[in-house]
Amino acid sequence: MSAISHPSRCGEGQVQGRAMARSLILIFVFANLTPTALADEYDHKYSVGDKVILWENKVGPYNNPQETYNYHELPFCGVDADLHGDSGKPTHKWGGLGEILQGNELIDSNYEFKFRVDVEKTTLCSDTLTQKTARQFKRAVRKHYWYEFFMDDLPIWGFVGENVNGDGGVNGDDEGSEISTYHKKRAHMGKDPRSMHGVMGSHSSSDSSDDSSSQTLIYTHRSFDVGYNGNRVVSVNLAAENPKPIVAGTNLQFTYSVTWTPSDTLFSKRFERYLDYNFFEHQIHWFSIFNSFMMVIFLTGLVSMILMRTLRNDYAKYASDVSQDEESSMDDNQSESGWKLVHGDVFRAPKLLPTLAALLGTGMQMTLLVFFVILITIFGAMYEGRGTIITVFIVCYALTSFVGGYVSGGYNARNSGKRWIKTMLLTAGLFPGAVFGIAFFLNTVAISYHSLAAVPFGTMVVIFFMWSFISFPLVLFGTVVGRNWNGVPDLPCRVKTIPRPIPEKSWYVTPLAISLLSGLLPFGSIFIETYFVFTSIWNYKVYYVYGFFLLVFLILVIVTLCVTVVGTYFLLNAENWKWQWTSFSGAASVSLYVYLYSIYYFLFKTKMTGFFQTCFYFGYTAMFCLALGVMCGAIGYVGSNAFVRRIYRNVKVD
């Protein structure tokens with residue numbers, strides 16, 4: 001240090017300075033490569049005695065997954081000012097955008113955990129129940145309220161209490177006692193709590209504590225069993241114990257204990273205990289993939305047959321001599337199919353061109369978006385993070401907005417559309433506007449219920465800025481590029497000035513019938529996967545089989561392409577040249593069947609109750625079906641457009 005502080009010679013000082021700098025760099029690198037001695041839940045490494053934080057998240061009715069509230073909405077132990085600094089306010093852990101949209105609000109608890117230090121039965125707080133607090137706890141227990149904690153990013157669940165009959169039996173189902181088994185035994189970790197706990201029983205609405213038929217109990221002791229492997233936490237189990245009757249005037253003592261247990265579970269495998277292998281990898285899942293694959297073979301064969309038949313007849317006709325005698329000409333005219341008669345109108349610009357262009361652009365953007373998100377989740381194990389998939393989806397949507405603008409701008413220009421600004425605005429705002437309208441209604445409901453599902457104003461501002469400064473400019477740029485680089489009309493047939501009248505045909509070849517029937521086969525190809533996706537969203541399952549999801553997505557794309565090609569062929573054979581909107585709506589109708597299935601699922605596969613959960617269930621499903629319909633509609637149109645251009649390419653006209 002003397003050479004640096006008091007240099008005697010310039011050269012020697014520079015050499016020693018460089019040596020000292022290299023030494024400091026090596027020390028810095030070594031310090032970063034060496035495991036830190038301080039507790040850090042971000043790198044998940046702890047030393048013996050380091051503090052491990054237990055985060056309190058939310059509480060709510062078990063049957064209503066989206067109806068969640070702040071943990072301290074129930075009169076549990078309050079915040080200890082001595083544990084949270086001078087302010088006395090608890091520490092909040094704010095996650096990413098997706099975590100907030102999922103309704104998570106992590107708050108530092110009063111529990112004291114130290115790495116690998118057992119805690120005997122310790123009193124957390126003592127409280128005398130008033131009429132109000134007793135009524136709150138009773139209502140929570142009778143509605144099967146559950147709560148969620150997090151420790152080192154591992155979720156922990158427990159029930160508030162249980163209802164017991166007069167004879168000592170559990171009223172309905174002993175969810176509270178069985179939830180401890182669910183988390184303590186590895187064999188139960190993968191099972192659906194609904195199937196394990198049985199059917200929810202009916203409960204009395206009375207708040208009287210001396211009901212002769214039932215008694216409402218609250219768990220007053222929580223036993224934590226924390227597994228560790230080396231310097232990492234690999235598992236956390238919770239057993240809710242010591243039930244006490246909820247009676248006004250009773251003094252309840254809430255306690256907890258902590259046991260640290262060594263485990264052989266690898267840190268990289270610690271989330272596998274939350275995955276239900278028996279459910280997602282059931283034989284029915286494999287059978288559904290095989291069934292959908294056979295459907296693809298059938299439909300591709302059907303489309304190939306149609307193409308071979310039509311093109312073979314075309315080649316046979318146009319290879320013949322044009323100067324044949326009159327009899328031969330009459331035979332050719334008689335063999336001419338109906339689709340050939342509308343060659344002068346089939347490429348006429350559709351009605352509501354800007355709207356169709358915007359839907360096609362948004363649909364192709366959604367297709368690319370879903371494909372990218374599936375690939376990211378396959379290689380990234382996104383299910384381990386709270387709201388990570390939602391964050392990835394929103395960010396990727398904003399970044400892929402260029403695709404939507406490029407497709408819509410090019411399509412509008414190729415059809416001689418003049419209102420490109422309107423097309424751009426519809427592309428940028430039609431789908432986000434519809435989603436925002438649904439979300440605004442749901443947010444209003446959540447605010448009125450004081451639920452964590454309500455999106456904070458700051459999050460709304462962040463989403464608006466992402467749309468304003470990322471998505472919208474990319475749509476504008478894509479529209480300009482698309483209409484200049486991909487907007488030159490290239491029609492195989494000349495469009496006639498006067499539109500050809502459309503003759504009346506049988507009901508099954510009308511645009512409405514074709515549109516409704518076209519969605520059945522695509523829905524059949526994703527029916528089983530829809531059940532698994534709905535179960536993961538609404539029944540507390542962790543969806544992780546994204547390889548299956550990718551296969552089903554590809555099958556859906558192929559089936560949608562084939563079905564819309566067949567539907568377009570039937571429509572053109574009926575001499576109806578208005579195929580553009582029919583091809584889009586026919587492919588998009590799969591979302592109608594998915595929404596109808598969601599009604600069946602709500603009535604017979606869930607036990608959701610109340611206005612709040614009903615609104616969120618059908619609101620979220622409407623968003624999902626809206627995105628699915630726009631995506632499939634665009635896919636179907638692309639297939640039909642390629643088919644139409646192919647079959648009219650060799651048609652000779654005067």
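The values are calculated or read from the model by the stated rules, or taken from the named source; none is laboratory data. Not measured: the values here are computed from a predicted model. Cβ coordinates were reconstructed from backbone atoms using ideal geometry, including for glycine residues, and neighbour counts include every protein chain displayed. Remember, those area values only see protein heavy atoms, side chains included, never the ligands or the DNA or RNA. Shrake-Rupley method; radii C 1.70, N 1.55, O 1.52, S 1.80 Å.
Every residue, every condition in (1) in contact with a helix residue (DSSP H, G or I) (Cβ under 7 Å, 6 or more places away or on another chain); (2) buried (at least 21 other Cβ atoms within 10 Å of the Cβ); (3) touching a residue at least 12 places away in the same chain (Cβ under 8 Å); (4) not β-branched (V, I, T), yes or no:
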position	(1), (2), (3), (4)
T560	yes, yes, yes, no
N573	yes, no, yes, yes
S583	yes, yes, yes, yes
A587	yes, yes, yes, yes
S591	yes, yes, yes, yes
Y595	yes, no, yes, yes
M608	yes, no, yes, yes
For this session: Might you let me know whether segment 405-416 holds any residue that is within 14 Å of the chain's Cα centre (by Cα) and in a helix (DSSP H, G or I)?
Result: no
Exercise. Can you tell which of Y593, Y637 is in contact with a Pro (Cβ under 9 Å, 6 or more places away or on another chain), at pLDDT 95 or above and not polar (S, T, N, Q)?
Worked result: Y593
Seminar exercise, completed: Note on segment 243-253: residues part of a strand (DSSP E or B) and open to solvent by less than 60 Å² (accessible area, probe 1.4 Å) are P243, P245, L252
For this session: Return the total of residues in segment 427-456 being among the aliphatic types (A, V, I, L, M) and open to solvent by 60 Å² or more (accessible area, probe 1.4 Å).
Result: 2
For this session: Tell me, yes or no, whether segment 77-92 has at least one residue that is modelled with pLDDT of 85 or more, open to solvent by less than 30 Å² (accessible area, probe 1.4 Å) and not polar (S, T, N, Q).
Result: yes
Seminar exercise, completed: Counting only residues that are buried (at least 18 other Cβ atoms within 10 Å of the Cβ) and in contact with a Gly (Cβ under 7 Å, 6 or more places away or on another chain), segment 107-116 contains a total of 1
Exercise. Quick check: is even one residue across segment 262-278 assigned to a strand (DSSP E or B), open to solvent by 60 Å² or more (accessible area, probe 1.4 Å), at pLDDT 80 or above and touching a strand residue (DSSP E or B) at 6+ places or on another chain (Cβ under 7 Å)?
Worked result: yes
Exercise. In the set F379, F402, F431, which member is among the hydrophobic types (A, V, I, L, M, F, W, C), without any contact (Cβ under 8 Å) to a residue 40 or more places away in the chain and in a helix (DSSP H, G or I)?
Worked result: F379
For this session: Take Y228 and decide whether it is over 24 Å from N539 (Cα atoms), open to solvent by less than 20 Å² (accessible area, probe 1.4 Å) and modelled with pLDDT of 90 or more.
Result: no
Seminar exercise, completed: Exactly one of R645, R649 is in a loop (DSSP other than H, G, I, E, B) and either surrounded by fewer than 21 Cβ atoms within 10 Å (Cβ to Cβ) or in contact with a strand residue (DSSP E or B) (Cβ under 8 Å, 6 or more places away or on another chain) (or both), and that one is R649
Problem set entry | Test: residue in segment 36-53 that is at pLDDT below 90, touching a helix residue (DSSP H, G or I) at 6+ places or on another chain (Cβ under 9 Å) and of a type in the set (A, V, I, L, M, F, W, C) | no
For this session: Could you grab the pairs with beta carbons closer than 8 Å, sequence gap of 6+ or different chains, first residue in segment 475-490 and open to solvent by less than 90 Å² (accessible area, probe 1.4 Å), second one not in a helix (DSSP H, G or I)?
Result: P489/N415; P489/S416
Problem set entry | Residue match in segment 349-366 (condition: part of a helix (DSSP H, G or I), crowded, with 18+ Cβ neighbours inside 10 Å and without any contact (Cβ under 8 Å) to a residue 40 or more places away in the chain) | no
Seminar exercise, completed: Picked from segment 491-533 (must be charged (D, E, K, R) and touching a residue at least 60 places away in the same chain (Cβ under 8 Å)), the residue surrounded by the fewest Cβ atoms within 10 Å (Cβ to Cβ) is R494
For this session: Could you check segment 462-553 for helices (runs of 4 or more DSSP H) lying wholly inside it with 1 or more residues that are more than 27 Å from the chain's Cα centre (by Cα) and over 28 Å from Y648 (Cα atoms)?
Result: 472-485
